Amino acid sequence: MKKTTMKNIAELNLSLIIISSAAIFARFIELDPTVITFWRSGIAFLVIGGYLFIKKNSFKISNKKDNLLLLVSSLLFALHWVTYFYALQISSVAIGMLSLFTFPVITAFIEPFYFKKKFNKRHLALAIVVVTGLYIMTPEINIENNNTKGIIAGVVSGVFFSLRNLTMKSNSAKYESTLLMFYQFLFITITFIPFVFIANPNKTLEFLPSILVLGIFTTAIGHTLFVKSLKNFNVSTASIIASSQPVFGIIMGFIFLSEVPNMNTIIGGGVIISTVFIESYMTNKEM
């Protein structure tokens, strides 16, 4: 039993390390975020589609409402990717990832309005803590500053990601996660086709090996392994473990890009990540 638990934890952490590597590729690949998003989703769509075909899984989505929700969630997911890549490209791995990781508290804050549930005052307090963390991270309140732009884009990306996850919630209970990801990547690929024609083909070819690794390894394999691993944990435990993503990303940023976060980023990021632990602990206590 203990060996099985350790194996499950190891699998989840491996998936998080793989997913975190997307931040490194976003910094390294010198292409517009829309172009990166097209190739990332297109390659992942082909890989997962091939997997579903070989496994002879059904590609059917039952009704129009489910299709509409899937389309909306896909567009939100696309906007999340573009704003996230933009945040990473203009600031740093640390700032981009830590700003994005406001999404657990954003989700907790907006979920009651989304599903018309009773609002929890604790989430307002946590939202204030998150804003405090962002304030500490921000070197100066100046829209011309790239780090400030990165923080704003990262938080906006977190909002899109939260809305995408909430929109996906009803479909997640009805369909296999792999099938939903297949259609999400398909919709995203189709949405961003026009942007490919504004890209320099030679520059795209220059970064093709990195794009392939991003699409196959980081996206298709990483996210599939993550979804598989989640079945072995409750939501609270998974949220706590998943909050290690920025740590993995920052370590990789240091190793591969020589990016060293300053003290304000470390302290502010620590404040933001602490809210994930607090919310996960309190949710687990209430269950």
Starting from 0.36 nm per residue, how many nanometres of slack lie between Tyr114 and Met6 once their C-alpha separation is accounted for?
35.3 nm
For Tyr86, what charge total do you get from the other residues with a beta carbon under 10 Å from its beta carbon, if Lys and Arg give +1 and Asp and Glu give -1?
0
Vicinal HN-Hα couplings computed from phi for segment 7-21 (Karplus, 6.51 cos²θ - 1.76 cosθ + 1.60; Hz; Gly/Pro x):
5, 5, 5, 5, 5, 5, 5, 4, 5, 5, 5, 5, 5, 4, 5
Per DSSP H run of at least 4 residues, take -39500 (n - 2.57); add these up for the chain, divide by its residues and hand me the 222 nm value, nearest 500 deg cm²/dmol.
-25000 deg cm²/dmol
Can you list the residues of segment 14-50 with backbone N under 19 Å from a point 7 Å past the Cα of Lys203, pointing along Cα to Cβ?
24-41
Each residue of segment 190-201 in order: what ³J(HN,Hα) in whole Hz does its phi give by Karplus 6.51 cos²θ - 1.76 cosθ + 1.60, θ = phi - 60°, with x for Gly and Pro?
4, 4, 9, 3, x, 6, 5, 6, 8, 7, 6, x
What are the ³J(HN,Hα) couplings of segment 61-70, residue after residue, when phi is run through the Karplus curve with 6.51, -1.76, 1.60 and θ = phi - 60°? Round to Hz, x for glycine and proline.
10, 4, 9, 5, 5, 5, 5, 5, 4, 5
Under a crude label model (7 Å from the Cα following the beta-carbon direction), how far is Val260 from Ser62 in nanometres?
5.7
For segment 10-286, what does the relative contact order come out to in percent, with C-alpha contacts under 8 Å and a separation of six or more?
39
Gyration tensor verdict on segment 117-275 (Cα atoms; rounded if a/c is under 1.5, prolate if a/b is larger than b/c, oblate otherwise)
oblate
Cross-link partners of Lys7 among lysines (Cα-Cα below 17 Å; sequence separation of 8 or more within a chain):
Lys228, Lys231
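None of the figures in this text is laboratory data; all of them are computed from the coordinates on show. Just so it is clear, the structure is predicted and the values come from calculations on it, not from any experiment. Quick reminder, even Gly has a Cβ in these numbers, built from the backbone with ideal geometry, and neighbours come from all protein chains shown.
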